[in-house]
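Where a number appears in this text, it was derived from the coordinates with a stated rule and is not lab data. Computed from a prediction, not measured in an experiment: that's the story for all the values here. Every residue, glycine among them, receives a Cβ derived from its backbone with ideal geometry; neighbour counts consider all protein chains shown.
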Amino acid sequence: MGMMEDVDLLRAALALALADGELRRSEMGVLEGLAGRVGVGRVSFEAMVEAAEHNDSIADNILIRSKERAHRAFELLVAQARIDGEISNEERSVLVRIAGSLGITGDDFQTIYQAGIKRADKIRKSRTGPS
């Protein structure tokens, strides 16, 4: 992804993390890691968090031009939402809005959504070990 697409992915992840109105420490750690990987410095990241806390329309303005990259980004965002074991109604609403921004609809939405859930469940299972 290009730098601006990476920043848009970070903005989408922020919107998703704030969907329930609370930014948890574990979510902040993930977001800080993503910010570091995409080259967003501390001050810029803090400004992004502040803006996201006061702008719930951030999920409506995500732009990733490549269809393949948009699908991959959306799958990652679904996995982010599911990693705690469930996707809240607020998170699902934000995901629907992000999907709309990315041009993901219908069958593509369902396919990518299910892939994201599977990805998160696989990660969760690997963390807890065999039952």
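Here are a few things to note about the model shown:
- Selection status of residue 34, surrounded by fewer than 21 Cβ atoms within 10 Å (Cβ to Cβ), part of a loop (DSSP other than H, G, I, E, B), out of contact with any Lys or Arg (no Cβ under 8 Å at 6 or more places or on another chain) and not small (Gly, Ala, Ser): no
- Of all residues making up region 44-79, the number that are without any contact (Cβ under 8 Å) to a residue 12 or more places away in the chain and either part of a helix (DSSP H, G or I) or buried (at least 17 other Cβ atoms within 10 Å of the Cβ) (or both): 8
- Residue 27 vs. criteria under 12 Å from the mean Cα position of the chain (by Cα), in a helix (DSSP H, G or I) and either among the hydrophobic types (A, V, I, L, M, F, W, C) or surrounded by 14 or more Cβ atoms within 10 Å (Cβ to Cβ) (or both): yes
- Residue within region 105-115 that is in contact with a helix residue (DSSP H, G or I) (Cβ under 9 Å, 6 or more places away or on another chain), β-branched (Val, Ile, Thr), over 22 Å from residue 25 (Cα atoms) and without any contact (Cβ under 8 Å) to a residue 12 or more places away in the chain present: yes
- Test: residue in region 30-49 that is of a type outside the set (Val, Ile, Thr) and farther than 21 Å from residue 3 by Cβ: no
- Residues (more than 16 Å from residue 13 (Cα to Cα) and crowded, with 16+ Cβ neighbours inside 10 Å) located in region 80-111: 104, 108, 109
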